[in-house]
1. Could you list all residues from region 34-49 that are touching a Gly at 6+ places or on another chain (Cβ under 8 Å) and either surrounded by 14 or more Cβ atoms within 10 Å (Cβ to Cβ) or without any contact (Cβ under 8 Å) to a residue 12 or more places away in the chain (or both)?
2. Can you pull out the residues in region 1-33 that are touching a strand residue (DSSP E or B) at 6+ places or on another chain (Cβ under 9 Å) and without any contact (Cβ under 8 Å) to a residue 40 or more places away in the chain?
3. Just to be sure, is Asp52 surrounded by fewer than 20 Cβ atoms within 10 Å (Cβ to Cβ), touching a Gly at 6+ places or on another chain (Cβ under 8 Å), in contact (Cβ under 8 Å) with a residue 24 or more places away in the chain and not small (Gly, Ala, Ser)?
4. With respect to Lys87, determine if the residue is more than 18 Å from Glu5 (Cβ to Cβ), in contact with an Asp or Glu (Cβ under 7 Å, 6 or more places away or on another chain) and in contact (Cβ under 8 Å) with a residue 40 or more places away in the chain.
5. Over 16 Å from Lys32 (Cβ atoms) and surrounded by 12 or more Cβ atoms within 10 Å (Cβ to Cβ): does that describe Phe95?
6. Can you name every residue in region 44-61 that is farther than 15 Å from Gln101 by Cβ and not in a loop (DSSP other than H, G, I, E, B)?
Amino acid sequence: MLPKEFRLHKDKDIKGLAKTGQTFFLPEFIIKYQKQANQDLKIGFVVSTKVDKRAVVRNKLKRQMRQAIHDKLLDIKKGHFILIIAKKKALELDFETISKQLEFALKKSKCL
């Protein structure tokens, strides 16, 4: 689980990031990110009911994404708001592939 100071959970922050943030697309994920001056690193995760109707499946995917980011938390640059949105194809991936995909996306978006 991510430490509390790294969680992006305020509704206005999430909506603002979704509206004005830059986007990086992968077949399995959408990464929304924005540089925030004088702010700490904040990361949020979204798995919609469009991905799967069962909460157990959505929660498992969120846990896997959180753990993949938690392992790289010290490498991610400070001052970014990051929102990771899972797509339906993400259900087909195992943990190692999720970790590699998220690392690739963060490097491409210059957050890592």
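1. Within region 34-49, Gln34, Gln36, Leu41 meet the criteria.
2. Residues satisfying the conditions are Glu5, Arg7, His9, Lys10, Gly16, Thr20, Thr23, Phe25.
3. No.
4. Judged against the criteria, Lys87 is a match.
5. Against the criterion (over 16 Å from Lys32 (Cβ atoms) and surrounded by 12 or more Cβ atoms within 10 Å (Cβ to Cβ)), Phe95 qualifies.
6. Correct list: Gly44, Val46, Ala55, Val56, Val57, Arg58, Asn59, Lys60.
Since every read-out is calculated from the coordinates, none of them should be taken as a lab result. On a predicted model such as this, the values are computed, not experimentally measured, just so you know. Ideal geometry is used to build each Cβ from the backbone, glycine not excepted, and the neighbour counts take in all protein chains shown.
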